[in-house]
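*Asks:* To start, I am sharing the structure in question, which I have written as structure tokens.
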Amino acid sequence: MTPRQVALWRGLAAVLVGAVSVLGFAPFRIAIVPIAALAALFLLWRTAATARAAAGLGFAFGLGFFLTGTSWVYVSLHTFGGMPAWLTAISTFCFCAVVALYPTLAGWLAARLGRPQGRAGFDLLVVMPACWTAGEIGRGYLFTGFPWLGLGYSQVPDSPLAAFAPIAGSYGVTAVAAVVAGAIALAGVRIAGRQSRALFAPAIVVALAVGSGAALHRAEWTTPSGKPVTVALLQGNVPQERKFDVDVLPSIFAQYRTMVEKTDAQLVVLPETAFPVFLHQIRPDYLDALTKTAVARDGDILFGVAVADPEARAYFNAVVSTGASTAQAYRKSHLVPFGEFLPLRPLFEWVLDVLQIPMADFTAGSSAPPTIDIAGQRLALSICYEDAFGNEMLRQLPAATLLVNVSNDAWFGDSLAAEQHFQLAQMRALEAGRMMLRANNTGVTAIVGPRGETLARLPGFVEGTLAGVAQGRTGATPYIVVGDWGIIGVVAIMLSIGFVAARRGRSSRAETPATTDLPEEPT
């Protein structure tokens, strides 16, 4: 085959490997698949002739990965956003191409810092895992961030590697998983080179990672505090296409009132924008009835609703409490671009005309929100997509005793999104060492334990109430104390080592005369 044909086949292989990686995430949860896929990508990077070729392989991998894993973007924009099919297809592809730039940059950097003619162990165990992790960190922070489908999430909650989450967060799990992928790739290199005796080192790396994770899994980072609280998480299953229909509003209010009255829990949680109106538009007698119901059982109710601020000429995606405790509110601070706010308005204002999304221009709430103190607990609230950002959940920790997320994943229909989103929530519980309560309009509504395990959940797309008991916990995991800074520091050190080694390698090659310049030895 010609060099161009070889490059084409390698690119197609990278696309396929990226697509297969999605099997590691919910709802499939085959944790070894994305690690093996990353090992394959590392091998492709190592055989790339140039940094440009390695970057192209990273882009191909990312494109296959995100087109498969975030195909729900199409559902959201077209089915529920009303965007024409042709424009939705273009928009979805462009979105996936943009986020695929992060593995592209990781591949380019790996080729620049790696030494294809040097020791495979250094490249595969240090340089490439560091570059991959740095790419994921960049994806989670830059341009409002999109940490969805980070490698670390694929290990939650059952993989031994998940135990690194309370220490270094999701990116820490990513780094360990990437090192394991490097070890698998190194074993492949040595087997291909018929160096079977040299498999000891990669085997030790894998054993250390898995063994350490298994040992850490038994660690108790937080302790129970106070009396357990009975909870009821409501799943209204209101179809997204009918939710903002004024003719349907009376039935939505009646439905949730009935659901609230049928439970005797101390803490009742309704989904995001459970009442699809502004708070001031809810009839006072309706709110009074909810409050009296909660007070009668010495409890509290949390419900999602939009809150308008006439003085600031702004409105917020919020969660409001009512009941025996003082009324409190949480305002969402990390908004979804194009779904909840419009970035670069002069450039993208036309998007609001195309998309048919009610309340699509919220204002961000405080970046340092207090806990919501109700039902004898201190709650760290997040709304929908906010629970994708572990560093932001730390704002209310270690003060909070429970984590609560309210969502409305009806925007994504019966796609992969809801289960993937649930896996993010499991990671947040594991990082914080606290239970997570999730109330979602169409699912996944669930109670998650402090180890990220599912204690109870409702099936999707049914109306129901998930009743259970939540135990508050106090204390701080190492991740609560250090946040993402710990793993950022480790990755920076690994990249620095790679940079120094690459410079030394280039210097030594420059100082060594080429063999073609040497005189031939006499025969």
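*Asks:* Could you please find all residues in the range 455-481 being in contact (Cβ under 8 Å) with a residue 60 or more places away in the chain and β-branched (Val, Ile, Thr)? Don't jump to the end; show me each part of the working.
*Replies:* Of the range 455-481, the ones in contact (Cβ under 8 Å) with a residue 60 or more places away in the chain are 458, 461-480.
Correct list: VAL462, THR465, VAL469, THR474, THR477, ILE480.
*Asks:* Show the residue pairs that are 6+ apart or on different chains and have beta-carbon atoms under 6 Å apart, the first residue being within the range 390-406 and more than 15 Å from ALA329 (Cα to Cα) and crowded, with 24+ Cβ neighbours inside 10 Å, the second being among the acidic types (Asp, Glu) and at pLDDT 95 or above.
*Replies:* Final answer for the pair search is GLY390/GLU431.
*Asks:* Still on this structure, I have one more. In this structure, is PHE65 under 30 Å from ALA425 (Cβ atoms) and either of a type in the set (Ser, Thr, Tyr) or modelled with pLDDT of 95 or more (or both)?
*Replies:* In short, yes.
*Asks:* Checking HIS334 against (1) closer than 25 Å to ARG242 by Cα; (2) touching a residue at least 40 places away in the same chain (Cβ under 8 Å); (3) of a type outside the set (A, V, I, L, M), only one condition comes out false. Which one?
*Replies:* (1)
*Asks:* May I ask you to verify whether ALA294 is under 13 Å from ARG257 (Cβ atoms) and of a type outside the set (S, T, N, Q)?
*Replies:* Working: under 13 Å from ARG257 (Cβ atoms): yes; of a type outside the set (S, T, N, Q): yes.
When the stated conditions are applied, ALA294 passes them.
*Asks:* Right, another one. Wholly within the range 182-265, which helices (runs of 4 or more DSSP H) include no fewer than the required count, namely at least 2 residues that are within 24 Å of GLY433 (Cβ to Cβ) and at pLDDT 90 or above?
*Replies:* In the range 182-265, 200-216 are the helices (runs of 4 or more DSSP H) which contain 2 or more residues that are within 24 Å of GLY433 (Cβ to Cβ) and at pLDDT 90 or above.
Per-residue answers, yes or no, for (1) of a type in the set (A, V, I, L, M); (2) within 30 Å of THR454 (Cβ to Cβ):
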site: ARG29; (1), (2): no, yes
site: LEU44; (1), (2): yes, no
site: ALA51; (1), (2): yes, no
site: GLY56; (1), (2): no, no
site: GLY62; (1), (2): no, yes
site: THR68; (1), (2): no, yes
site: THR79; (1), (2): no, yes
site: TRP86; (1), (2): no, no
site: TYR102; (1), (2): no, yes
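*Asks:* Please specify each residue of the range 29-72 satisfying the condition of being among the small types (Gly, Ala, Ser) and part of a loop (DSSP other than H, G, I, E, B).
*Replies:* Listed by number, the residues that qualify are ALA31, ALA48, ALA49, SER71.
*Asks:* For the range 483-497, which residues satisfy the criterion of being of a type outside the set (A, V, I, L, M, F, W, C) and closer than 28 Å to PRO398 by Cα? Break it down into steps so the answer makes sense when it comes.
*Replies:* Residues of the range 483-497 of a type outside the set (A, V, I, L, M, F, W, C): 483-484, 486, 489, 496.
Hits for the range 483-497 are GLY483, ASP484, GLY486, GLY489.
*Asks:* Still on this structure: Go through the range 391-414 and give me each residue that's of a type outside the set (A, V, I, L, M, F, W, C) and assigned to a loop (DSSP other than H, G, I, E, B).
*Replies:* Correct list: PRO398, THR401, ASN408, GLY413, ASP414.
*Asks:* Can you tell which of ALA51, ALA26, ALA7 is in contact (Cβ under 8 Å) with a residue 24 or more places away in the chain and closer than 22 Å to PRO129 by Cβ? So that I can check it myself, show each step before the final result.
*Replies:* Details: ALA26 fails: closer than 22 Å to PRO129 by Cβ; ALA7 fails: closer than 22 Å to PRO129 by Cβ.
The match here is ALA51.
*Asks:* Follow-up. Tell me, which residue of the range 254-267 that is in contact (Cβ under 8 Å) with a residue 24 or more places away in the chain and under 15 Å from ASN237 (Cβ atoms) is surrounded by the fewest Cβ atoms within 10 Å (Cβ to Cβ)?
*Replies:* Once the filter is applied, the top-ranked residue is GLN255.
*Asks:* For the condition free of Cβ contacts under 8 Å to residues at least 40 places away in the same chain and not aliphatic (A, V, I, L, M), what is the one hit in PHE164, PHE200?
*Replies:* Result of the check over PHE164, PHE200: PHE200.
*Asks:* Being of a type outside the set (Lys, Arg) and in contact with a Lys or Arg (Cβ under 8 Å, 6 or more places away or on another chain) is true for just one of ALA31, ALA51, ALA55. Which residue is that?
*Replies:* On the way: ALA31 fails: in contact with a Lys or Arg (Cβ under 8 Å, 6 or more places away or on another chain); ALA55 fails: in contact with a Lys or Arg (Cβ under 8 Å, 6 or more places away or on another chain).
Exactly one of ALA31, ALA51, ALA55 is of a type outside the set (Lys, Arg) and in contact with a Lys or Arg (Cβ under 8 Å, 6 or more places away or on another chain), namely ALA51.
*Asks:* Here is a further query. Restricting the range 268-299 to residues that are farther than 14 Å from THR322 by Cα and in contact (Cβ under 8 Å) with a residue 40 or more places away in the chain, which is farthest from the chain's Cα centre (by Cα)?
*Replies:* The extreme case among them is PRO276.
*Asks:* Of all the residues that make up the range 12-50, how many are modelled with pLDDT under 95 and either surrounded by fewer than 16 Cβ atoms within 10 Å (Cβ to Cβ) or not hydrophobic (A, V, I, L, M, F, W, C) (or both)?
*Replies:* Final tally of qualifying residues: 4.
The values are calculated or read from the model by the stated rules, or taken from the named source; none is laboratory data. Predicted model, so just to flag it, every value in this text is computed and none were measured. We place every Cβ from the backbone using ideal geometry, glycine too, and count neighbours over all the protein chains shown.
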